[in-house]
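Just below is one structure, and these are the notes that go with it.
The values are calculated or read from the model by the stated rules, or taken from the named source; none is laboratory data. Since the model is a prediction, treat every value here as computed from it, not as a measurement. When we count neighbours, we look across all protein chains shown, and the Cβ atoms used for this are built from the backbone with ideal geometry, even at glycine. Surface areas here come from the heavy atoms of the whole protein model, side chains and all, with no ligands, DNA or RNA. Shrake-Rupley method; radii C 1.70, N 1.55, O 1.52, S 1.80 Å.
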Amino acid sequence: MRLSLKCIFIIISKGALCVFSESFTADHKPLMGEAPEVRGFFLGCGFNSAGMMLGGGCGRELAHWIIHGRPEKDMYGYDIRRFHHSLTDNKDWIRERSHESYAKNYSVVFPFDEPLASRNMRKDPFHQVLMEQGCVFQERHGWERPGWFNKDKPAPVKDYDYYGAYEVKKHVNYKYNELLGKEYTFDFPPHHDVIKNECLSCRHSVAVFNMSYFGKFYLTGPDAKKAADWLFTADVNKKPGDAYYLAIGGAVAEHNWNHIRTVLQDQGFHCQLTDHSEDMGMISIQGPKSREVLQEVLDTDLSNEAFPFSTHKVVNAAGRPVRAVRLSFVGELGWELHIPKDSCLPVYHAVMAAGTKHGIINSGYRAIDSLSIEKGYRHWHADLRPDDTPLEAGLAFTCKLKSSIQFQGRDRLQKQKEEGLRRRIVCFTIEEKVPMFGLEAIFRSGVPVGHLRRAEFGFFIDKTIGYGYIRNPDGGVVSADFIKSGEFTLERMGVTYKAKAHLKSPFDPENKRVKGIYT
């Protein structure tokens with residue numbers, strides 16, 4: 001990644017080369033960690049004129065990173081692997097985004113802001129047809145992914161105008177920029193009801209989500225089973241030599257790619273990881289009517305008996321082969337269709353045609369954020385961070401601790417399970433109709449015990465929902481009784497609100513809907 005450097009320090013320690021420098025970066029955050037391209041080459045640069053403020057803590061974490069292979073604290077937001085290699089190799093992307101980062105140096109950071117620079121770098125096959133239907137896109141990992149759908153008219157993202165600087169003509173009547181401007185609030189956005197409609201259409205009928213920005217990797221080779229056993233906490237239960245298909249959240253695809261490759265190298269596994277993210281699209285059809293819609297499109301029986309939850313099949317959709325996976329990230333009956341690039345639009349049009357009589361609509365990631373938190377599904381780097389464990393995050397069911405299979409981190413989890421959890425994630429709801437966004441303080445009986453990691457408005461339960469990790473002030477175990485016996489409040493902008501703590505998701509705690517049970 002090319003930077004305009006102010007100063008450089010080079011340190012060589014324990015076989016690692018570390019480079020420190022000062023400059024503005026594409027997202028106004030430092031670049032740290034092991035370079036994806038070169039093992040043992042560590043970055044500590046791009047401190048955005050805040051090097052004196054950040055240097056001490058970042059230096060300590062970088063030293064820990066070099067010695068132990070990972071930082072002690074959560075440094076994901078500074079990790080160089082947050083950027084896809086196709087972006088860091090692109091001079092235009094670097095130039096535009098670094099300029100906007102500098103131009104907005106002292107701007108207020110609003111919850112739903114999006115960059116105007118270096119857009120349309122990675123577009124999936126559905127981009128044009130969704131844009132024509134009013135899609136307001138978000139940028140993640142270079143991808144344009146659907147945020148929400150504007151009912152007025154299309155709002156395409158235009159080339160970067162440098163805010164009118166450098167004799168570049170500033171855009172006028174820029175619909176996308178106007179919509180972003182309306183997002184500059186710490187209240188509910190003006191299109192709150194639009195997102196509500198997308199959410200409730202999914203809950204009551206059926207909605208289509210374009211999730212093509214996901215990373216799509218194949219793990220193959222003689223040691224693929226050994227590698228999968230070590231990498232994944234769950235029991236993959238595959239025969240030796242089988243291939244594994246990995247669908248990974250698009251914003252963390254590069255991080256996952258490099259982590260997996262590093263583990264394969266360090267453990268000496270004889271297998272390969274190949275990236276097919278650009279070769280395939282992915283749509284998720286979710287809601288009570290999803291089975292009726294897809295039964296007209298797919299040439300296979302979609303009943304619970306023939307196609308159980310958490311299984312997959314390669315089938316034909318509109319005469320074209322696709323991989324159908326019965327999964328949900330919104331808590332409804334539904335399937336994901338993983339589609340070869342050339343077949344994406346024919347399959348999408350077939351789905352939309354079959355769903356017309358059921359009121360099918362397009363929905364975006366703003367709806368997914370609301371629907372997923374309502375169900376209690378975890379988001380990476382919000383509900384889950386590198387310094388959290390699966391047990392603390394309420395994901396013990398994903399860990400094969402009852403088996404004898406070894407996996408990375410098993411010893412730590414076994415010890416934590418025996419000693420009890422000193423902190424754990426808890427769901428909170430409040431009755432007042434006020435927005436929360438994360439980082440709001442959590443009080444138990446007037447004593448601060450943590451803060452929210454993520455918060456959204458849940459439209460089906462009609463409440464603000466937040467998830468955060470809490471600790472026992474005396475350092476003891478955070479038990480179910482500790483949670484149930486406490487009186488909790490959440491503080492937003494200096495105002496406290498009485499909150500209800502939930503040990504299970506307040507929406508469909510028995511997991512009936514994902515099984516197709518709607519009685």
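Do any residues in region 400-411 that are hydroxyl-bearing (S, T, Y) have Cβ atoms under 7 Å from those of residues that are at pLDDT below 95, where the two are at least six apart or on different chains, and which pairs are they?
From region 400-411, the pairs are S403/D235.
Could you say which residue among H259, H191 is open to solvent by 60 Å² or more (accessible area, probe 1.4 Å) and either under 22 Å from the mean Cα position of the chain (by Cα) or not charged (D, E, K, R) (or both)?
After ruling out the rest, the residue left standing is H259.
Can you tell me which condition R320 does not meet? The list is (1) touching a helix residue (DSSP H, G or I) at 6+ places or on another chain (Cβ under 8 Å); (2) assigned by the TED database to the domain that holds F232, and all the others hold.
(2)
Could you list, in sequence order, the residues of region 81-134 that are small (G, A, S) and touching a helix residue (DSSP H, G or I) at 6+ places or on another chain (Cβ under 7 Å)?
Within region 81-134, the first condition is being small (G, A, S), and the residues that meet it are 86, 98, 101, 103, 107, 117-118, 134.
Selection gives A103, A117, S118.
Among the residues of region 451-500, which ones are of a type in the set (A, V, I, L, M, F, W, C), open to solvent by 30 Å² or more (accessible area, probe 1.4 Å) and either in contact with a Phe, Trp or Tyr (Cβ under 7 Å, 6 or more places away or on another chain) or more than 20 Å from F437 (Cβ to Cβ) (or both)?
F460, I461, V477, A480
Give V330, V322 a once-over and let me know the one that is in a loop (DSSP other than H, G, I, E, B) and not polar (S, T, N, Q).
Numbers: V322 fails: in a loop (DSSP other than H, G, I, E, B).
None of the others qualify; the one that does is V330.
Of everything in region 285-307 that's touching a residue at least 12 places away in the same chain (Cβ under 8 Å) and charged (D, E, K, R), which residue is surrounded by the fewest Cβ atoms within 10 Å (Cβ to Cβ)?
D299
Would you mind telling me which numbered condition in (1) surrounded by 14 or more Cβ atoms within 10 Å (Cβ to Cβ); (2) modelled with pLDDT of 95 or more S86 fails?
Single failed check for S86: (2).
Just give me the residues in region 308-344 being open to solvent by 50 Å² or more (accessible area, probe 1.4 Å), more than 23 Å from the chain's Cα centre (by Cα) and among the small types (G, A, S), in sequence order.
Answer for region 308-344, where residues must be open to solvent by 50 Å² or more (accessible area, probe 1.4 Å), more than 23 Å from the chain's Cα centre (by Cα) and among the small types (G, A, S): A318, G319.
For region 147-166, how many residues are part of a loop (DSSP other than H, G, I, E, B) and open to solvent by 60 Å² or more (accessible area, probe 1.4 Å)?
6
Can you pull out the residues in region 352-395 that are touching a residue at least 12 places away in the same chain (Cβ under 8 Å), hydrophobic (A, V, I, L, M, F, W, C) and either in contact with a Pro (Cβ under 7 Å, 6 or more places away or on another chain) or open to solvent by 40 Å² or more (accessible area, probe 1.4 Å) (or both)?
The answer is W380, and nothing else.
Considering only residues that are of a type in the set (K, R) and out of contact with any Phe, Trp or Tyr (no Cβ under 6 Å at 6 or more places or on another chain), which ones fall in region 82-128?
Hits for region 82-128 are R82, K91, R95, R97, K104, R119, K123.
Check K91, K73 and return the single one that is over 18 Å from H381 (Cβ atoms) and in contact (Cβ under 8 Å) with a residue 60 or more places away in the chain. It would help to see each step written out before you state the result.
Working: K73 fails: over 18 Å from H381 (Cβ atoms).
Result: K91 is the single residue among K91, K73 that is over 18 Å from H381 (Cβ atoms) and in contact (Cβ under 8 Å) with a residue 60 or more places away in the chain.
From F209, F217, which residue is in contact (Cβ under 8 Å) with a residue 40 or more places away in the chain, hydrophobic (A, V, I, L, M, F, W, C) and more than 25 Å from G40 (Cα to Cα)?
On the way: F217 fails: more than 25 Å from G40 (Cα to Cα).
Result of the check over F209, F217: F209.
Here is a yes/no grid of residues against (1) in contact with a Leu (Cβ under 8 Å, 6 or more places away or on another chain); (2) within 30 Å of P111 (Cβ to Cβ):
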residue: G181; (1), (2): no, yes
residue: E198; (1), (2): no, yes
residue: C202; (1), (2): yes, yes
residue: S205; (1), (2): no, yes
residue: F209; (1), (2): no, yes
residue: F214; (1), (2): no, yes
residue: D235; (1), (2): no, no
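Is it the case that F186 is touching a residue at least 12 places away in the same chain (Cβ under 8 Å) and in contact with a Pro (Cβ under 8 Å, 6 or more places away or on another chain)?
yes
Here's the yes/no breakdown for (1) in contact with a helix residue (DSSP H, G or I) (Cβ under 8 Å, 6 or more places away or on another chain); (2) over 30 Å from R492 (Cα atoms); (3) not assigned by the TED database to the domain that holds A117:
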site	(1), (2), (3)
G164	no, yes, no
K169	no, yes, no
Y174	no, yes, no
G181	no, no, no
N197	no, no, yes
A207	yes, yes, yes
N210	yes, yes, yes
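Would you say K91 is outside the structural domain of Y162 (by the TED database), in contact with a Lys or Arg (Cβ under 8 Å, 6 or more places away or on another chain) and not β-branched (V, I, T)?
Yes: the conditions hold for K91.
Check D229 against each of (1) open to solvent by less than 60 Å² (accessible area, probe 1.4 Å); (2) in contact with a Leu (Cβ under 8 Å, 6 or more places away or on another chain); (3) not hydrophobic (A, V, I, L, M, F, W, C) and name the one condition it does not meet.
So D229 meets the others, but not (2).
Do you know which residues across region 483-506 are touching a residue at least 12 places away in the same chain (Cβ under 8 Å) and either farther than 30 Å from D193 by Cβ or acidic (D, E) (or both)?
I483, K484, G486, E487, E491, L503
Quick one: G142 ticks every box in (1) open to solvent by 10 Å² or more (accessible area, probe 1.4 Å); (2) in contact with a Phe, Trp or Tyr (Cβ under 8 Å, 6 or more places away or on another chain) except a single one, so which number is it?
(1)
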